[in-house]
Amino acid sequence: MEPVYILGVGMHPFGRYPDKLISDMVEDAVTDALKDAGLAWQDIELAYAANGQPGQHGQRFLRGLGLSGVPIINVENACAGGSSAFFSACMAVGAGAADVALAVGYEQMARGMIGANMARPMTHESVNGLFAMPGMFGMVARNLMHEHGVTARDLALVSVKNHHNGVFNPRAQYRMETPVEDVLASRMIADPLTLLMCAPTTDGAAAVVVGSRRAAARYANGVYIRLVAAAQRSEPYAGTEVSRPDIRTMTMQASRAAYEQGGLGPEDLDLVELHDCFAPAEISHYENLGLCAVGDGAKLVREGATNIEGRIPVNPSGGLLSKGHPISATGAAQICELTWQLRGEAGQRQVAGRSGQGPTIGLAHNPGGITASLSFAHVNVHILKREDALA
Amino acid sequence: MTSSEKAPAKPLTTAGRPGAFMLPGAAAPAALLGGHCRSCGAYDFPRGRFCPRCSAAAMEEVPLSTRGNIHTWSTVYQDPGPSFVGAKPFTIVTVELPEGVRVVSTLSVAMPPEELRVGLPLVLDVVSVGSDADGNDCYDFRFRPA
Ligand SMILES: [Zn+2]
């Protein structure tokens with residue numbers, strides 16, 4: 001594969017915009033990304049649009065930018081939609097199908113618990129409330145407590161950290177400190193998960209423009225953000241060796257593959273944006289991404305190792321918990337954050353990197369969907385690297 | 001079908017598959033119907049045509065044990081939406097069956113949180129969940145403490 005570069009990123013701030021047109025949010029995010037790249041809409045040769053609702057096709061929401069005739073492919077991959085669009089755009093450029101490609105994710109969500117809003121036909125899943133994600137992650141949390149001594153306070157500390165980071169992110173949905181007592185005292189959603197341990201429902205859009213070496217030579221300005229690994233997995237057979245719901249196996253396999261592709265390890269990372277849809281997911285994924293041994297995840301957050309100033313900052317953007325989780329936009333927004341961080345443009349939430357001279361390597365982790373056998377359905381792991389010269 | 005004819009009792013689909021469990025009858029008690037791979041020995045629920053482990057088209061239908069243990073659980077306080085049938089709050093459970101299969105459902109009886117624990121023995125329960133759009137009396141499986 002030929003080298004692939006991030007040329008520009010843009011986001012419509014995440015939040016609640018029930019009266020805003022999706023097309024306005026998409027146009028804002030794409031326009032920002034194009035401006036960031038120094039490109040025009042007519043320069044986009046291929047677009048992947050991640051969306052989660054019926055009828056929300058990219059052809060409908062991108063046409064307002066101009067009828068350029070650009071091919072547009074829709075991507076639906078649940079919470080992993082945004083990173084799946086990004087993966088596809090990168091692969092197209094890497095294969096030489098386009099010099100410049102766009103990945104955009106967007107969502108306008110109904111209020112309430114993710115998965116619970118719709119009236120559905122009577123099935124085992126619908127009459128038992130099994131589509132409701134908080135129950136699934138309540139079970140994940142219970143499992144961490146039983147197997148590794150994780151406490152409700154540990155879960156709360158994840159929320160405290162990510163909400164603190166979100167205070168410094170002008171594009172985050174919630175910009176408020178949440179003291180640990182407030183997290184623990186907030187409304188019980190799915191035991192042991194309280195409201196502040198759950199990502200909110202969110203509207204928003206995020207866009208990434210990627211390009212070939214040739215495009216980077218023309219448009220990037222001396223700082224090059226290159227894709228060094230892109231690994232995907234769907235549900236592997238994990239037998240009974242792992243607990244269910246199994247949020248571990250797929251991420252372990254995908255991150256291992258990504259490290260191998262990049263010729264590096266978790267110890268080389270300067271920051272991570274991971275999928276903290278619920279607080280226990282962050283603790284589990286510290287372990288699944290190899291940031292620490294299995295069973296040691298809670299220790300990282302207790303010791304502050306994953307704070308912005310810590311050994312390995314995780315979710316400096318505020319994560320899903322604070323920034324919000326507009327399903328199909330989330331994975332693209334993680335790429336935006338890595339790019340800003342690697343360029344040193346993250347303002348008050350800027351991480352210093354292991355060298356203290358600014359971060360050079362960042363990892364984004366974006367899983368989605370729950371299967372009938374209680375595993376995640378899909379995961380993407382991407383690693384980006386800042387370089388001072390073209391590869 | 002005329003309105004005077006009684007529609008048959010109907011088990012709900014599980015993971016999109018009909019026939020995932022058997023209603024109690026004269027000859028046999030209620031049971032979950034799983035798959036057992038004649039090639040590698042893996043169990044699956046609900047039964048598909050191919051083995052989840054080795055992909056062999058060798059899945060035979062077997063009734064699974066009606067007793068299991070709590071693998072993990074969560075009591076859900078948030079409104080589960082209009083399709084839910086039962087009392088709220090409700091407790092969602094992952095149940096480990098002796099065959100090594102884990103199935104997810106809810107408890108058919110309310111349990112105080114302090115009585116719930118990993119490993120708690122449960123037994124299969126069949127519950128009436130009302131009638132569907134075609135007027136069939138529908139049933140589903142849940143679990144209760146053994
Ligand atoms: Zn088999």
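The values are calculated or read from the model by the stated rules, or taken from the named source; none is laboratory data. Because the structure is predicted, anything quoted here is derived from the model rather than measured. Reconstructed Cβ throughout: ideal geometry from the backbone, glycine too, with neighbour counts over all protein chains shown.
The table below lists the values:
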{"item": "From A:ALA101, A:ALA89, residue being outside any helix (DSSP H, G or I), away from chain B (no Cβ under 14 Å) and over 24 Å from A:ASP246 (Cα atoms)", "result": "A:ALA101"}
{"item": "Helices (runs of 4 or more DSSP H) contained entirely in segment A:125-204, each with at least 3 residues that are away from every other protein chain (no Cβ under 13 Å) and under 18 Å from the mean Cα position of the chain (by Cα)", "result": "A:152-167"}
{"item": "Residue within segment A:46-55 that is in a helix (DSSP H, G or I), of a type in the set (S, T, N, Q) and touching a strand residue (DSSP E or B) at 6+ places or on another chain (Cβ under 7 Å) present", "result": "no"}
{"item": "Options A:ALA333, A:ALA391, A:ALA346; residue that is among the aliphatic types (A, V, I, L, M) and in contact with a Phe, Trp or Tyr (Cβ under 6 Å, 6 or more places away or on another chain)", "result": "A:ALA346"}
{"item": "Residue match in segment A:107-123 (condition: more than 13 Å from chain B (Cβ to nearest Cβ) and modelled with pLDDT of 95 or more)", "result": "yes"}
{"item": "Exclusive hit being under 21 Å from the mean Cα position of the chain (by Cα) and surrounded by fewer than 24 Cβ atoms within 10 Å (Cβ to Cβ), set A:SER284, A:SER234", "result": "A:SER234"}
{"item": "Filtered residue count, segment B:45-54, keeping only those that are touching a Leu at 6+ places or on another chain (Cβ under 7 Å) and within 13 Å of the ligand (Cβ to nearest atom)", "result": "1"}
{"item": "Given (1) in contact with a strand residue (DSSP E or B) (Cβ under 7 Å, 6 or more places away or on another chain); (2) farther than 29 Å from A:ASN74 by Cβ, index of the condition A:GLY211 fails", "result": "(2)"}
{"item": "Residues (in contact with a Ser or Thr (Cβ under 6 Å, 6 or more places away or on another chain) and surrounded by fewer than 18 Cβ atoms within 10 Å (Cβ to Cβ)) located in segment B:135-144", "result": "B:ASP137, B:ARG144"}
{"item": "Top-ranked residue in segment B:17-39 [being over 17 Å from B:ARG67 (Cα atoms) and part of a loop (DSSP other than H, G, I, E, B); ranked as nearest to the ligand (Cβ to nearest atom)]", "result": "B:SER39"}
{"item": "Wholly within segment B:40-146, strands (runs of 3 or more DSSP E) carrying at least 2 residues that are away from chain A (no Cβ under 12 Å)", "result": "B:59-63, B:67-76, B:121-131, B:137-145"}
{"item": "Filter result (of a type in the set (Lys, Arg) and surrounded by 13 or more Cβ atoms within 10 Å (Cβ to Cβ)) within segment B:89-134", "result": "B:ARG102"}
{"item": "Filter result for the condition that a residue is free of Cβ contacts under 8 Å to residues at least 12 places away in the same chain and within 11 Å of the ligand (Cβ to nearest atom), over B:ALA57, B:ALA42", "result": "B:ALA57"}
{"item": "Candidates B:VAL62, B:VAL104, B:VAL118, B:VAL76, filtered to the one that is within 16 Å of the ligand (Cβ to nearest atom) and under 22 Å from A:ARG244 (Cβ atoms)", "result": "B:VAL62"}
{"item": "Some residue of segment A:217-225 being of a type outside the set (Lys, Arg), away from every other protein chain (no Cβ under 14 Å) and part of a strand (DSSP E or B)", "result": "yes"}
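Results for (1) more than 26 Å from A:GLU181 (Cβ to Cβ); (2) touching a Gly at 6+ places or on another chain (Cβ under 9 Å); (3) β-branched (Val, Ile, Thr), shown as yes or no for each residue.
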| residue | (1), (2), (3) |
| --- | --- |
| A:GLY129 | yes, yes, no |
| A:LEU144 | no, yes, no |
| A:GLU147 | yes, yes, no |
| A:THR151 | no, no, yes |
| A:VAL158 | no, yes, yes |
| A:ASN162 | no, yes, no |
| A:ASN169 | no, yes, no |
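For every residue, the table says whether it meets (1) at positive phi; (2) surrounded by 24 or more Cβ atoms within 10 Å (Cβ to Cβ); (3) part of a strand (DSSP E or B); (4) over 17 Å from the mean Cα position of the chain (by Cα).
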position: A:VAL294; (1), (2), (3), (4): no, no, no, yes
position: A:LEU338; (1), (2), (3), (4): no, yes, no, no
position: A:GLU345; (1), (2), (3), (4): no, no, no, yes
position: A:ALA352; (1), (2), (3), (4): no, no, no, yes
position: A:ASN366; (1), (2), (3), (4): no, yes, yes, no
position: A:ARG386; (1), (2), (3), (4): no, no, yes, yes
